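The values are calculated or read from the model by the stated rules, or taken from the named source; none is laboratory data. As the structure is a computational prediction, the values presented were derived from the model and not from experiment. All Cβ positions, glycine included, derive from the backbone under ideal geometry; neighbour counts span all protein chains shown.
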Amino acid sequence: MNFSEIQIIGEDEIFRGSKSRYVWLFGGIFIFLCFLALHYSTSYLSFFCSNSGGIPYTLISYLVVLSIGPFMTMITSFDIVSNETETGSVRYIISKVQRSSFILGKFLFLFLVFISVSFGIALLNLIYQHSAGNAFQFEKIVLFWISSSLYLGCFISIFLFISTLSANNKISFAMSAIFLGILIFFISQGDESYLKYLTPFFYGIKNTEFMKDFPVEGGYLKVFESLFSMFLYILVFLSMSLVAIKRRDF
Amino acid sequence: MKTGNLLFIGILVGLVLFGFFEFLGFDPRYGGIIGAVIVGTLIGKKIGKGSEKYAFLSIFIYNLIGLILIFLFTSDGKLALQYGGIALSALIGFALIMIFFYSIIGSFGAFVASNLSKNKQDEGL
C-alpha cells in the first residue's frame, strides 16, 4: 500500500475521471431529494408539531438517508471497478500502481463524495433549524454527519467488493441489486433474529433514536458502539475487496 | 468432473446438511442460509465462472425435496396435510418464498467463491 498512489488515484477520479461528473450529479440529486423531504414534511408536520419541541429536521433527513442512501450509493458505485475491467483499462492502471492502492483510491473518491453529500444535507438541516427559530443543536448535526457518512461508507465498500469481483457492468449491477435484496431480506427477519447484525441497516437504525433527542443517558457509549460497528463493517468489506483484487486475473 | 455430476453432488450435500440441521433442531432460517452458502460456495469453487445458475438450481431442488420429505414423513407435516385449507397453501407459499431467497443467497455465494478462487489456467506455465 502506497499513500501517494492512493492519493493519485483518488485525485484522478475526482478531477479527471469520466465517472466523476456523474457521481457528483447523483450526489446533488440525493441532496435535492433530502431538501424536498425536509420542505414538504415541514409544511405537513407543522400542523401537528406547533406546541411540542419543534419539527425533528435531523430525524427526517436521517430517515431519508437510511432509506434512499443505499440505492444512491449502488447507482454511483456498482461500476467503479467493473467498468475498468470491462474496457480493459485496469491492466494499464495496475501495471503502474499497486492493486491495493487502486482499490483504496477508488474507495477514497466515493467516500469523499458521500462525506460531502452528508455535509450538504447537514447544512440544509442547519438552515431549516435556523429559519424555524429553533436552537442550534450542533452535537446532533455532527452526529448526523458522521453517522450518515459511515452508513453510506458501508454500502460503498459492499458495492466496491461486488464490482471488484464482476467481469462487466451488467453482472456487477445485477449482483449489487441481489445483495441489496439479501440485506433487506435479513433485516426484515425481525428484531429477535441474529441476521440483522449482518446488515448495515441495523447499525444505521440504531442511531435513529439519537437524532430526536441527543444527548440522552448513556447515549455516547451507544453511539460509539454503532459508529465503531459501521467502521468495522467498512474495514471487513474493504479487506475482502483487497483480497479479491489480488487474486483476480485481468 | 461433469457439471451434471456436480449438480447431483450439490443436491446430495445439501440434503445431508438439511437433514443434519433438522436433526440438531436448528432454526430453519439459519439452517437454510448456512446450507445454501456451503453448497453455493462448493459449486462456485468446483465449476468456476457461470456457476450461479447451477448453484441456484441445486439449492432450490434440495430444499424442495427436503420440504416434501418433511411433509410426508414427519408428524407435523402429516398433520398439516390432513388439515389442508388456506393455511396449508399459505404455508407452502411462504416456504417456497424462503427457498427462493436461500437459492439467491447460495447463488451469490457461488458468484463470490468462483471469482475469489485463483485462475488455474496459468498454473505450471
By residue number, the members of the stretch A:122-151 that are among the small types (G, A, S) and crowded, with 19+ Cβ neighbours inside 10 Å are A:A122, A:S147, A:S148, A:S149
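Residues are listed down the side, and each one gets a yes or a no for (1) of a type in the set (V, I, T); (2) modelled with pLDDT of 90 or more; (3) in a helix (DSSP H, G or I); (4) surrounded by fewer than 21 Cβ atoms within 10 Å (Cβ to Cβ):
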residue: A:I68; (1), (2), (3), (4): yes, yes, yes, yes
residue: A:M74; (1), (2), (3), (4): no, yes, yes, yes
residue: A:D79; (1), (2), (3), (4): no, no, no, no
residue: A:I93; (1), (2), (3), (4): yes, no, yes, yes
residue: A:L108; (1), (2), (3), (4): no, yes, yes, yes
Here the residues within the stretch A:113-167 that are within 14 Å of another protein chain (Cβ to nearest Cβ) and either of a type in the set (A, V, I, L, M) or over 14 Å from the mean Cα position of the chain (by Cα) (or both) are A:I158, A:L160, A:F161, A:I162, A:S163, A:T164, A:L165, A:S166, A:A167
Please tell me if A:I184 is hydrophobic (A, V, I, L, M, F, W, C), more than 13 Å from chain B (Cβ to nearest Cβ), surrounded by fewer than 21 Cβ atoms within 10 Å (Cβ to Cβ) and within 30 Å of B:F94 (Cβ to Cβ). no
Picked from the stretch A:229-247 (must be touching a helix residue (DSSP H, G or I) at 6+ places or on another chain (Cβ under 9 Å) and farther than 26 Å from B:K45 by Cβ), the residue surrounded by the most Cβ atoms within 10 Å (Cβ to Cβ) is A:M230
> If we scan the stretch A:207-218, do we find a residue that is touching a helix residue (DSSP H, G or I) at 6+ places or on another chain (Cβ under 7 Å), touching a residue at least 24 places away in the same chain (Cβ under 8 Å), within 14 Å of chain B (Cβ to nearest Cβ) and not in a helix (DSSP H, G or I)?
Replying inline: no
